[in-house]
1. What are the pairs, 6+ residues apart or on separate chains, where a residue within the stretch 67-86 that is touching a residue at least 60 places away in the same chain (Cβ under 8 Å) has its Cβ under 6 Å from a residue that is more than 16 Å from the ligand (Cβ to nearest atom) and not hydrophobic (A, V, I, L, M, F, W, C)?
2. Restricting to the stretch 198-207, and then to whatever is at pLDDT 75 or above and over 10 Å from residue 144 (Cβ atoms), can you tell me which residue is farthest from the chain's Cα centre (by Cα)?
3. Listed residues 132, 148; which is in contact (Cβ under 8 Å) with a residue 40 or more places away in the chain, among the hydrophobic types (A, V, I, L, M, F, W, C), assigned to a loop (DSSP other than H, G, I, E, B) and closer than 17 Å to residue 255 by Cα?
4. Can you work out which of the residues in the stretch 24-59 that are under 26 Å from the mean Cα position of the chain (by Cα) and of a type in the set (Phe, Trp, Tyr) is nearest to residue 5 (Cα to Cα)?
5. Is it true that residue 36 is closer than 18 Å to residue 97 by Cβ and either touching a Cys at 6+ places or on another chain (Cβ under 8 Å) or part of a helix (DSSP H, G or I) (or both)?
6. Can you name the number of the only condition in (1) under 30 Å from residue 233 (Cα atoms); (2) within 16 Å of the ligand (Cβ to nearest atom); (3) of a type in the set (S, T, N, Q) that residue 16 fails?
7. Taking the conditions exactly as written (more than 16 Å from the ligand (Cβ to nearest atom), among the basic types (Lys, Arg), surrounded by fewer than 20 Cβ atoms within 10 Å (Cβ to Cβ) and at pLDDT below 95), does residue 99 satisfy them or not?
8. Is it true that some residue in the stretch 40-48 is in a helix (DSSP H, G or I) and closer than 27 Å to residue 269 by Cβ?
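The values are calculated or read from the model by the stated rules, or taken from the named source; none is laboratory data. Predicted model, so just to flag it, every value in this text is computed and none were measured. Cβ placement follows ideal geometry from the backbone for every residue including glycine, while neighbour counts extend to all protein chains displayed.
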Amino acid sequence: MTQHSRDDLWRDFPKTATEFEARFATEEDCRAHWIEARWGGNPACARCNSTRVWIERGGFLFECADCRHQTSLTSGTLLEKTRKPLKMWFRAVFEISTRRTGISAKDLQRIMGFGSYKTAWSWLHKLRAAMVRPQREPLGPFVQVDEVLVGGKGGPHKELVLVAAEADGRVRLAHAENNDADTLKRFVDGQIAADAQVVSDGHAGYNKRSLDKQRHESDARQGCHWTTSLLKRWLLGTHAGAVRPKHLQAYLDEFAFRHNRRKTNGVGRIAARVIEQLVALPPLPMRNIIDETTRCRCFTSTCLAPA
Ligand SMILES: [Zn+2]
């Protein structure tokens, strides 16, 4: 699918809850949007790429007329093997993307009528995975860096989060093992443009070694504090401080995704981006969600864990 038609889909996406409900009133409506987002309107065989396909199982499956391979709507996407209608997924996407403070698994369970908390929890994790945009532009030209300790409610253990924020712009957050110069360098190089000017509050870790490309100044203004106080309030409020360290990065990604789109005109357009990503990203089995232990996911696209 070309960038042009993807942008058209994004532009035409319902902007309000009323418009959303009218546009995606039936399973067929959602399926049509999914097919448009995934194949530009013409489903293709996942094995041989032929577009000569027969529709099977009420539109959920396509059988290839050339090689007989069966391709399902969701195979090879983040929603692979889902047993729930797309209409329910679209609804969940709308809920998580349009609420300023997101939604807890408990609330999603109640809204969607899920029998189990675990189902709601795993849905939110898949949706969070869809909230990381690949090939994100590095931050610039003026970036403030900071760090914050989160979690540890009722216990001594806190988790370190590195923060980089453009002046009144986008933020990046990374769950880090520590704040030594090597870790900071990987964070900075992965997230901040080489020609950016970086301002820190004088933390010793940001020095010639961690900022060898970027220009650097120390300043006590600490503009990241607005972001970090919102982040802390969100983790304690929406999620009642119950985020496990091994899942923290996914929550940080969700926070940054929403924060970076806080000025988007028409809340529905955020949902459009999430659906785009559900289509584009590979499957995420429950086992991976539970076992996921990678930290520092947004340091670079290739290096997932601390060196
Ligand atoms: Zn085929």
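1. What qualifies is 78/126; 80/74; 80/283.
2. The residue in question is 207.
3. Exactly one residue qualifies, and that residue is 132.
4. 39
5. Criteria not met by residue 36.
6. (2)
7. yes
8. Within the stretch 40-48, not a single residue is in a helix (DSSP H, G or I) and closer than 27 Å to residue 269 by Cβ.
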